[in-house]
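One structure is given here, and the rest of the page talks about it.
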Amino acid sequence: MKRIFALLLGFAVGMAHAFPNKPVRIIVAFPPGGGTDIVARLLAPRLTDLWGQPVMVENRAGASGTIGTEIAARADPDGHTLFMATMGNMTANQHLFPKMGVNPLRAFAPITKVVDVHFVFMANPALPANSVKDLVALAKKRPGEIHYSSSGPGGAPHLAMELFKRQAGVNLTHVPYKGSGPGMTDLLGARVMVTMDSLLQGLPQIKAGKLKALAVLGPKRSALLPEVPTMAEAGVAGYSLTNWFGLLAPAATPWNVVSEIRADVIGVLKDQDIRHKIAEMGADVVGNTGDEFAAAMRAESAQWAEIIRSANIRAE
């Protein structure tokens, strides 16, 4: 028995020292250009330097993020495949796609929540509405005629807008894309008129005057857009939503490898240059424990299950 224990202990220690022994990939379930992709690509070169192995971002888009989620969940559980997930990937999609091939909460070992991402309600300048109240009035005069983009059914932008529609009593038409990047392109081109998405990608367009900000979705104003009201201030009482991006590994990944990755990622997130870049993008660094991350996801999943059911939100 002692010999077996020693062998197992030696194996565990060997696994810890063996990571990483080949390139590491971070799967993002959306195309390049979206907020999740931006954050993953911010971390990748720092982890490359730290680990001495290439850390590459791999975009596996499609089916509202479920394709990338399933690919990441089924990867070899050795720490060399990681998943940069979103709130929608982990806590909403399973309630919108009953035939989804994996249960995200069971299929992954949480590493750490990387960032909380602040969302903003954005419109193309051609839209004849300069406030949320103006938009609500316009939408009630023209039900179904105003189109909004999202990263896909079940993603945070979709859920955020569906909640707004419900609380404001308006009918906007959903145009889902395979990621926020393509949706942003069409918003800039006035092929859709509004969206709710992250400051990570929206802020440069707002600052350049290519989009206008109607409201921020969090509980307080953003220091990056201090003149823009919250949704509650804009007349939608009780509305608040903050998205997040977090890092996970396939569920069977050895705990010591997960712990090593967590410690290294949190170390990177403490770097002042990284924190400054993330803050400039409109997000907040988190870097919590796996247990804290898991508990938060379970609670959010239960909340979204109820919201999706009661609001009759559908994956078109």
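Residues that are touching a Phe, Trp or Tyr at 6+ places or on another chain (Cβ under 9 Å), in a loop (DSSP other than H, G, I, E, B) and closer than 18 Å to ALA137 by Cα were ranked within the stretch 205-235; the one that is most open to solvent (accessible area, probe 1.4 Å) is ALA232. Checked across the stretch 138-158, the condition of being within 18 Å of ALA232 (Cβ to Cβ), in contact with a Gly (Cβ under 8 Å, 6 or more places away or on another chain), open to solvent by less than 30 Å² (accessible area, probe 1.4 Å) and touching a residue at least 12 places away in the same chain (Cβ under 8 Å) holds for no residue.
When the residues of the stretch 258-290 are filtered to those that are in a helix (DSSP H, G or I) and of a type in the set (Asp, Glu), the one that is surrounded by the most Cβ atoms within 10 Å (Cβ to Cβ) is GLU260.
As for the stretch 147-158, it holds at least one residue that is out of contact with any Pro (no Cβ under 9 Å at 6 or more places or on another chain) and modelled with pLDDT of 95 or more.
In the stretch 170-179, the qualifying residues are those that are over 19 Å from VAL136 (Cβ atoms) and either open to solvent by 20 Å² or more (accessible area, probe 1.4 Å) or of a type in the set (D, E, K, R) (or both), and the one that is modelled with the lowest pLDDT is LYS178. When THR112, THR48, THR81, THR69 are screened for being among the β-branched types (Val, Ile, Thr) and in contact with a Leu (Cβ under 8 Å, 6 or more places away or on another chain), only THR112 passes. Any residue in the stretch 87-106 that is modelled with pLDDT under 95, under 22 Å from ASP186 (Cα atoms) and either surrounded by fewer than 20 Cβ atoms within 10 Å (Cβ to Cβ) or of a type outside the set (Gly, Ala, Ser) (or both)? Checking the stretch 87-106: not a single residue is modelled with pLDDT under 95, under 22 Å from ASP186 (Cα atoms) and either surrounded by fewer than 20 Cβ atoms within 10 Å (Cβ to Cβ) or of a type outside the set (Gly, Ala, Ser) (or both).
What are the residue pairs meeting all of these: first residue in the stretch 192-206, first residue over 15 Å from PRO125 (Cα atoms), second residue part of a loop (DSSP other than H, G, I, E, B) and open to solvent by 20 Å² or more (accessible area, probe 1.4 Å), Cβ atoms under 6 Å, and 6 or more apart or on different chains? The qualifying pairs are LEU200/MET281.
The values are calculated or read from the model by the stated rules, or taken from the named source; none is laboratory data. These numbers were taken from a predicted model, which means no experiment stands behind them. All Cβ positions, even for glycine, are placed from backbone atoms using ideal geometry, and neighbour counts span all protein chains on display. Ligands, DNA and RNA are stripped out before the accessible areas are found, and what is left, the full protein with its side chains, is counted by its heavy atoms. Shrake-Rupley method; radii C 1.70, N 1.55, O 1.52, S 1.80 Å.
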